[in-house]
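What follows is a short report on a single structure.
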Amino acid sequence: MADAAVRETPFDMVGGAATVRTIVDRFYDLMDEQPAYAELRALHASDLAPMRTSLAGFLTAWLGGPRDWFADNPGKCVMSVHGRIAVTAATARQWADAMRQAIADSGMASDIGTRMADALDGMAQAMIRTQPVGG
Ligand code: HEM
């Protein structure tokens, strides 16, 4: 039905909250366990549970699902929450690679999975700082 197809969001298309949570849990598990992501892991607090909740909430809203993350973080955007983090080319690459792997491991259809991974890769690249934090 054409109308239903028009209203379907990327959030619906990827499988909703369950898929988002699967991706986020895999992403932080990879970050926690794989030596390739050690530099990125070291920037994070020891307890990743709050980040699992926050990143799942952000991705839900970003994909067109419920926008609770923005209500819970008034005035914030995903760029501003990284304002004091010295994102380098290396850590941005680690973030994007871990996310691409987590999406692939989620079993999501490869066409939308690739589009999602490419878009998030671009956002991570845009966060790279060319000036010192505070500068
Ligand atoms: C598309 C790319 C990215 C998205 C969507 C994203 C999303 C998020 C979100 C939602 C939070 C939680 C903010 C909060 O609740 O206060 C967060 C925190 C954080 N992000 Fe990202 N992020 C991205 C890229 C990166 C990159 C490239 C780095 C590399 C350094 C990074 C490092 C961090 C760190 C260190 C934190 C704080 C963790 C902590 O306090 O334990 N992020 N990110």
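Considering only Val24, Val78, Val87, the mean-square fluctuation computed in a Gaussian network model of the chain, springs between alpha carbons under 10 angstrom, is largest for Val78. Backbone phi angles across segment 101-110, fed through the Karplus curve with coefficients 6.51, -1.76 and 1.60 (θ = phi - 60°), yield HN-Hα couplings of 5, 5, 5, 4, 6, 6, x, 4, 3, 5 Hz in residue order; Gly and Pro are listed as x. Entry note, the chain: the mean residue ellipticity at 222 nm calculated from DSSP H runs of n ≥ 4, each adding -39500 (n - 2.57), is -19500 deg cm²/dmol after division by the residues and rounding to the nearest 500.
Taking θ as phi - 60° and the Karplus parameters 6.51, -1.76 and 1.60, the scalar couplings of segment 44-54 work out to 9, 4, 4, 8, 8, 4, x, 5, 4, 5, 5 Hz in sequence order, x denoting glycine and proline.
With a cap of 10 neighbouring Cβ atoms within 10 Å, and only residues DSSP puts in a loop, list the trypsin sites (Lys or Arg not before Pro) found in segment 12-58. Could the numbers behind the result be given before it?
Details: sites: Arg21, Arg26, Arg41, Arg52; in loops: none.
Sites meeting the loop and neighbour criteria: none at all.
Of the residues Ala49, Ala104, Ala124, the one that moves most in a GNM of the chain with alpha-carbon contacts below 10 Å is Ala49.
Considering only the other residues whose Cβ falls under 13 Å of the Cβ of Ala102, what net charge follows from Lys and Arg at +1 and Asp and Glu at -1?
Values: positive: Arg21, Arg26, Arg52, Arg100; negative: Asp25, Asp29, Asp32, Glu33, Asp97, Asp105, Asp121.
It works out to a net charge of -3.
Other residues lying with their Cβ under 13 Å from the Cβ of Leu120 contribute a combined charge of 0, Lys and Arg counting +1, Asp and Glu -1. Rounded if a/c is under 1.5, else prolate if a/b is larger than b/c, else oblate: which is segment 16-126, with a ≥ b ≥ c the root eigenvalues of its Cα gyration tensor? Rounded is the answer for segment 16-126, as its axis ratio a/c remains below 1.5.
Listed values for segment 77-92 are Karplus-derived 3J(HN,Hα) couplings in whole Hz (6.51 cos²θ - 1.76 cosθ + 1.60, θ = phi - 60°), namely 9, 5, 6, 5, 5, 9, x, 9, 9, 7, 6, 9, 4, 5, 6, 5, and x replaces Gly and Pro.
Other residues whose C-beta falls under 14 angstrom from the C-beta of Asp25 contribute a net charge of -1, scoring Lys and Arg +1 and Asp and Glu -1.
Which of Ala18, Ala98, Ala89 moves most in a GNM of the chain, Cα contacts under 10 Å? In this elastic network of the chain, the residue with the biggest mean-square fluctuation among Ala18, Ala98, Ala89 is Ala18.
Relative to the longest principal axis of the Cα atoms of the chain, the long axis of helix 16-33 makes an angle of roughly 20 degrees.
In nm, what is the difference between 0.36 nm times the number of residues separating Ala104 and Ala119 and their Cα-Cα distance?
Details: separation 15, 0.36 × 15 = 5.40 nm, distance 1.44 nm.
Taking Ala104 through Ala119 to full extension adds about 4.0 nm, to one decimal.
Every number here is computed from the coordinates shown, using simple stated rules; none is lab data. Keep in mind it's a predicted model, so treat the numbers as computed, not measured. No Cβ is skipped: glycine too gets one built from the backbone with ideal geometry, and neighbour counts run over all protein chains shown.
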